[in-house]
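In what follows, a single structure is set out as structure tokens and then discussed.
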Amino acid sequence: MAEKFSFQLMATDGKARRGVIRTPRGEIRTPAFMPVGTAATVKAMMPESVAATGADILLGNTYHLMLRPTAERVDRLGGLHKFMNWSKPILTDSGGFQVMSLSDLRKLTEEGVTFKSHVDGSRHFLSPERSMEIQRLLGSDIVMCFDECPALPADEKRVAQSMRLSMRWAQRSRDAFGDRPGHALFGIMQGGVTPELREESAKALVEIGFDGYAVGGLAVGEGQEAMFGVLDYAPDFLPQDKPRYLMGVGKPDDIVGAVKRGIDMMDCVLPSRSGRTGQAWTRHGMVNIKNARHQDDPRPLDEDCTCPACRNYSRAYLHHVFRAKEMICGMLLTWHNLHYYQELMQGMRDAIEAGRFAAWEAEFHAQRAQGDI
Ligand SMILES: CNc1nc2c(CCNCc3ccccc3)c3nc(N)[nH]c(=O)c3cc2[nH]1
Ligand SMILES: [Zn+2]
């Protein structure tokens with residue numbers, strides 16, 4: 001285990017990067033996909049199963065955990081790693097994004113945001129200082145700055161104002177974070193789809209100085225083309241020697257396109273959430289297990305997959321337990337999806353090391369059907 005936080009860039013292939021993040025709780029192979037553990041659990045998965053899929057790090061969240069069971073209680077019980085039985089690294093988001101998307105937003109000021117809990121309607125307050133305190137109490141290894149992610153559609157003036165507020169909050173996050181060896185603080189770039197605003201944001205963050213840099217404000221409905229348009233230039237504004245984290249992404253082809261454009265880390269609820277709704281992502285395309293065509297199919301989801309669902313169960317069985325609303329369906333499809341996502345990341349890590357990312361990407365697109373399979 002490393003004493004402190006560090007990032008080593010091991011290989012590049014075009015703009016794609018292969019690296020490793022070293023932390024006191026273990027190493028993170030990049031490019032990395034981070035499963036989301038919203039309320040101190042990756043839904044439908046035991047932590048040892050999440051580790052078995054190949055995940056080196058998972059996500060927690062300030063917003064959810066401050067409301068329930070509260071950060072103070074998690075701290076009293078030994079911190080989030082002990083609480084949820086996950087000893088590897090944890091990255092926590094800072095809560096701002098979830099306040100905007102989940103709560104009855106009360107008021108947004110320079111100081112911070114006051115809001116009503118979506119759990120019980122109680123009033124709460126988040127600011128850069130309070131978010132840093134919550135993430136410290138949780139004990140997360142990688143802390144995110146408290147930022148504001150503007151909802152779309154937003155005009156450029158609104159995006160510029162929001163980005164500049166987030167940059168002032170980034171400075172306050174940095175000041176409140178203090179000096180915590182072994183723990184990292186990541187800044188979050190904003191600026192919508194405007195190159196000048198993205199560059200201004202990146203410059204402001206680099207001036208403050210962070211252990212890693214996230215590209216925020218994307219995957220908010222702009223569509224893949226617009227997102228890739230930003231990723232064609234935004235990572236270049238960030239330091240080469242620090243990890244780059246694209247927040248909230250995405251579908252498999254979003255992830256491949258982001259790695260191709262220089263992204264090192266991503267998180268998304270999709271593999272777990274869609275697993276619970278009967279959707280299985282495979283190298284050949286998407287399987288909607290609720291579809292009647294699967295009810296007599298003895299084959300696994302994916303003949304080439306080595307996950308427990310594909311080794312031991314037929315589509316017919318998964319169709320049955322989906323229809324019967326049995327818990328095992330969500331468990332097996334989630335496990336399969338997370339396994340597939342990690343296999344995707346391993347494939348890209350190997351391809352970048354071998355200098356054959358372009359060939360790997362061509363094969364990825366060639367073997368995927370457009371519609372459901
Ligand atoms: C889905 N698209 C998307 N997600 C975004 C997020 C949240 C990333 N996921 C964190 C999470 C953690 C635990 C549980 C659930 C989610 C963002 N977070 C911040 N702080 N800033 C963003 O700009 C920002 C932009 C995003 N776009
Ligand atoms: Zn599988």
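The values are calculated or read from the model by the stated rules, or taken from the named source; none is laboratory data. Every value quoted in this text rests on a predicted model; they were computed, and no experiment measured them. For neighbour counting, all protein chains shown are included, and Cβ atoms are generated from backbone atoms with ideal geometry for every residue, glycine included.
Among the numbered criteria (1) near ligand 2 (Cβ under 10 Å from one of its atoms); (2) touching a Lys or Arg at 6+ places or on another chain (Cβ under 8 Å); (3) over 25 Å from Thr41 (Cβ atoms), which single criterion is violated by His319?
So the condition that His319 fails would be (1).
For the range 145-191, enumerate the residues that are touching a Ser or Thr at 6+ places or on another chain (Cβ under 6 Å) and in contact (Cβ under 8 Å) with a residue 60 or more places away in the chain.
Cys145, Asp147, Pro150
Kindly indicate which of Gly178, Gly139, Gly187, Gly121 is of a type in the set (Gly, Ala, Ser), away from ligand 2 (no atom under 16 Å from the Cβ), at positive phi and surrounded by 19 or more Cβ atoms within 10 Å (Cβ to Cβ). Give the steps one after another, and end with the answer.
Values: Gly178 fails: surrounded by 19 or more Cβ atoms within 10 Å (Cβ to Cβ); Gly187 fails: at positive phi; Gly121 fails: surrounded by 19 or more Cβ atoms within 10 Å (Cβ to Cβ).
Going through Gly178, Gly139, Gly187, Gly121 in turn, the sole match is Gly139.
For the range 275-283, check the following and say yes or no: at least one residue is of a type in the set (A, V, I, L, M) and within 16 Å of ligand 2 (Cβ to nearest atom).
To start, the set of residues in the range 275-283 that are of a type in the set (A, V, I, L, M) comprises 280.
Still in the running and within 16 Å of ligand 2 (Cβ to nearest atom): 280.
Yes - at least one qualifying residue is present in the range 275-283.
All but one of (1) in a loop (DSSP other than H, G, I, E, B); (2) modelled with pLDDT of 95 or more hold for His118; which doesn't?
The single condition His118 does not satisfy is (2).
Hey, among Ile263, Ile188, Ile208, Ile255, which residue is within 14 Å of ligand 1 (Cβ to nearest atom), among the hydrophobic types (A, V, I, L, M, F, W, C), modelled with pLDDT of 95 or more and more than 30 Å from Gly330 (Cβ to Cβ)? Can you show your working first?
Numbers: Ile263 fails: more than 30 Å from Gly330 (Cβ to Cβ); Ile208 fails: within 14 Å of ligand 1 (Cβ to nearest atom); Ile255 fails: more than 30 Å from Gly330 (Cβ to Cβ).
Ile188 is the lone residue from the list that is within 14 Å of ligand 1 (Cβ to nearest atom), among the hydrophobic types (A, V, I, L, M, F, W, C), modelled with pLDDT of 95 or more and more than 30 Å from Gly330 (Cβ to Cβ).
Considering only the range 155-169, I want to know if a residue exists there that is more than 16 Å from ligand 1 (Cβ to nearest atom), out of contact with any strand residue (DSSP E or B) (no Cβ under 8 Å at 6 or more places or on another chain), in a helix (DSSP H, G or I) and hydrophobic (A, V, I, L, M, F, W, C).
We begin by selecting, within the range 155-169, every residue more than 16 Å from ligand 1 (Cβ to nearest atom); these are 155-157.
Narrowing the set further to residues that are out of contact with any strand residue (DSSP E or B) (no Cβ under 8 Å at 6 or more places or on another chain) leaves 155-157.
With the extra rule that they be in a helix (DSSP H, G or I), the set shrinks to 156-157.
From the residues that got through so far, the ones that are hydrophobic (A, V, I, L, M, F, W, C) too are none.
No - not one qualifying residue is present in the range 155-169.
Evaluate the range 317-326: report whether one residue or more is more than 16 Å from ligand 1 (Cβ to nearest atom), of a type in the set (A, V, I, L, M, F, W, C), at pLDDT 95 or above and under 27 Å from Leu59 (Cβ atoms).
The initial filter retains those residues of the range 317-326 that are more than 16 Å from ligand 1 (Cβ to nearest atom), namely 317-326.
Next cut, of a type in the set (A, V, I, L, M, F, W, C) only: 318, 321-322, 324.
Okay, now just the ones that are also at pLDDT 95 or above, so 318, 321-322, 324.
Now drop any that are not under 27 Å from Leu59 (Cβ atoms), which leaves 318, 322.
Yes: the range 317-326 contains one or more residues that are more than 16 Å from ligand 1 (Cβ to nearest atom), of a type in the set (A, V, I, L, M, F, W, C), at pLDDT 95 or above and under 27 Å from Leu59 (Cβ atoms).
What is the one condition in (1) within 16 Å of ligand 2 (Cβ to nearest atom); (2) in contact with a Phe, Trp or Tyr (Cβ under 6 Å, 6 or more places away or on another chain) that Leu238 does not satisfy?
Leu238 satisfies every listed condition except (1).
Of all the residues that make up the range 55-104, how many are of a type in the set (A, V, I, L, M) and outside any helix (DSSP H, G or I)? Reasoning before the result, please.
Of the residues in the range 55-104, the ones of a type in the set (A, V, I, L, M) are 55, 57-59, 65-67, 71, 74, 77, 80, 84, 90-91, 99-100, 102.
Still in the running and outside any helix (DSSP H, G or I): 55, 57-59, 77, 90-91.
The total comes to 7.
Checking the structure you have, find out if any residue of the range 267-274 is touching a residue at least 24 places away in the same chain (Cβ under 8 Å) and more than 15 Å from ligand 1 (Cβ to nearest atom).
no
Name the residue, out of Arg356, Arg311, Arg283, that is within 26 Å of Met34 (Cβ to Cβ), more than 23 Å from the chain's Cα centre (by Cα) and in contact (Cβ under 8 Å) with a residue 40 or more places away in the chain. Write out each step before concluding.
Working: Arg311 fails: in contact (Cβ under 8 Å) with a residue 40 or more places away in the chain; Arg283 fails: more than 23 Å from the chain's Cα centre (by Cα).
The conditions single out Arg356.
For the range 29-56, give me each residue that is more than 14 Å from ligand 1 (Cβ to nearest atom), within 17 Å of Asp141 (Cα to Cα) and in contact with a Gly (Cβ under 7 Å, 6 or more places away or on another chain).
Scanning the range 29-56 gives Thr30, Asp56.
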